[in-house]
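What follows is one structure encoded as structure tokens, with my remarks underneath.
The values are calculated or read from the model by the stated rules, or taken from the named source; none is laboratory data. Fair warning: this is a prediction, and the values are worked out from it, not measured in the lab. Here the Cβ positions follow ideal geometry from the backbone for every residue, glycine too, while neighbour counts run over all protein chains shown. Only protein heavy atoms, including side chains, enter the accessible area calculation; ligands, DNA and RNA are left aside. Shrake-Rupley method; radii C 1.70, N 1.55, O 1.52, S 1.80 Å.
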Amino acid sequence: PIAWCLQLGSFEEERNARILRASLREAEYRSYILLSKTRDGDRFKVFVGPMIDKASLEAISIDIKAQMNISGLVVRYRIEDDSSQLGG
């Protein structure tokens with residue numbers, strides 16, 4: 001099945017990604033960080049999800065925008081990315 005996640009940030013510093021993830025978890029959103037290697041260096045991307053129902057995730061995006069003033073982008077979840085997920 002196809003699943004979706006909400007990308008809410010991309011950071012050069014892991015600390016900033018962890019701060020955002022902690023804020024999301026305090027607001028009771030299931031969130032995680034993926035390490036992405038780019039030609040410009042490492043990026044730490046923060047996501048909420050994954051979810052099968054894209055419409056529900058879009059509604060969560062609206063809620064996060066209202067509560068935390070953070071705009072997100074709904075993207076397709078790729079299970080192969082799990083190997084790059086940071087623990088915690």
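Of all lysines in the structure, the ones whose alpha carbon falls short of 21 Å from that of Lys54, not counting any fewer than 8 places away in one chain, are Lys45, Lys65. In this Cβ point-charge picture (+1 for Lys and Arg, -1 for Asp and Glu), the chain has a dipole of about 80 debye about its Cα centre.
Here the translational diffusion coefficient of the chain follows from Stokes-Einstein with Rh set to the Kirkwood radius across Cα pairs; for 20 °C and 1.002 mPa s it amounts to 164 µm²/s.
Full extension of the segment from Glu26 to Lys54, taken as 0.36 nm per residue of separation minus the current Cα-Cα distance, would add 7.8 nm. Shape analysis of the range 10-61 places it in the oblate category; the axes a ≥ b ≥ c from the Cα gyration tensor give an a/c of at least 1.5, with a/b not above b/c. The residues of the chain expose, per residue, 63 Å² of accessible area to a 1.4 Å probe.
When shorter helices are ignored and each DSSP H run of at least 4 residues is given -39500 (n - 2.57), the per-residue value for the chain at 222 nm works out to -10500 deg cm²/dmol.
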